[in-house]
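Accompanying notes for the structure given below.
Just so you know, all these numbers are worked out from the coordinates, no wet-lab data involved. For clarity, every value in this text was computed on a predicted model and none was experimentally measured. Virtual Cβ from ideal backbone geometry, glycine too; neighbours counted across all protein chains shown.
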Amino acid sequence: MHVPPAKARLLAAVLLVVVVVAVSNPDSGRTVRWVSSGRTHPQPSTSAMSASSAGGAYLARLPKFDKAPPAHPVTAAESDGAPWISRVPTDQPVAFVTIDDGWVKHPEAAELVRESRVPVTLFLAVNAIQDNPAYFTTLQDIGAVIEAHTITHPKLRGQSYAFQKHEICDGADQLTELFGRRPTMFRPPFGEQDSTTLRVVRDCGMKAALFWKETVNRGRVQYQEARIVQPGDVILMHFREQFVDDFIAALEAIKAAGLTPARLEDYFP
Ligand SMILES: [Zn+2]
């Protein structure tokens, strides 16, 4: 086949450009690893990566927030039981990160929470944490607040007052013994409650029962309403293998909404 000299020169030039691009971009394979969960993260500097710990990588992904504004506490209307809260009734530009259960104790959770400086509320089931309460004491020492989530993590709806009182009140007592602070908030397992639950929560001296507006799973936020976190929203995640991705996804969602994480207990003094 005959190739005219002009075309041959063009072909050679194109090949040269392709080779130069390929050689000058040796990091392309590495870059791909920084794209996860459908989100693109800025590539950290070479020095951050050569710090080598996984820490360097995920700490660079943490959104930065201004300090939360001083809380305007809410007052609950008089009723038979504790208020059932999924969105704190506030106009302040804040949202609340809550983390449940405690069976899976991710080794880097404490570093992540510490570096984020984000206030978190932990709803712990006694049976999930009693093999290693020190893990949660570490989180408490860096500002996490420990709240109640029953002893055995049963479904409460439809159960007797006595059954629910044991799970809710005695569970709170056991957390008080372990962590030196009496829980003031309660979350029912699976978010399932009835009027008995709310009465028991009030009767054992707690201020609110918590549901949620968003949940985080496998690094993705699932919304119950609009696809944006709204002021006062309570966000639920769990102590799971994907703690790092879930925590960062929760913070990114709060950041994207122009909100700041705040401490739940400051709104229920
Ligand atoms: Zn739970």
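Within the range 83-267, DSSP assigns beta bridges of which about 20% are antiparallel (rounded to the nearest 5). Excluding same-chain neighbours fewer than eight residues apart, the lysines reachable from Lys155 by a Cα-Cα span under 22 Å are Lys165, Lys207, Lys213. Amide H contacts under 5 Å for Asp100: Phe123, Met237, His238, Phe239, restricted to partners 5 or more places along the chain or on a different chain, H placed in the peptide plane at 1.01 Å from N. Along its first, second and third principal axes, ordered by size, the range 83-267 spans 44, 33, 27 Å in Cα coordinates.
The length gained on full extension between Glu177 and Glu241, counted as 0.36 nm times the residue separation minus their Cα-Cα distance, comes to 20.3 nm.
Couplings for the range 180-196, taken from phi via the Karplus curve 6.51 cos²θ - 1.76 cosθ + 1.60 with θ = phi - 60°, read x, 9, 7, x, 10, 10, 9, 10, x, x, 6, x, 9, 8, 9, 5, 5 Hz in order; Gly and Pro are left as x. When peptides 186-196, 74-84 are sorted by average Cβ neighbour count within 10 Å, with the highest value leading, the order is 186-196, 74-84. Rounded to the nearest 20, the size of the Cβ-charge dipole of the range 88-186 about its Cα centre is 220 debye, with Lys and Arg at +1 and Asp and Glu at -1.
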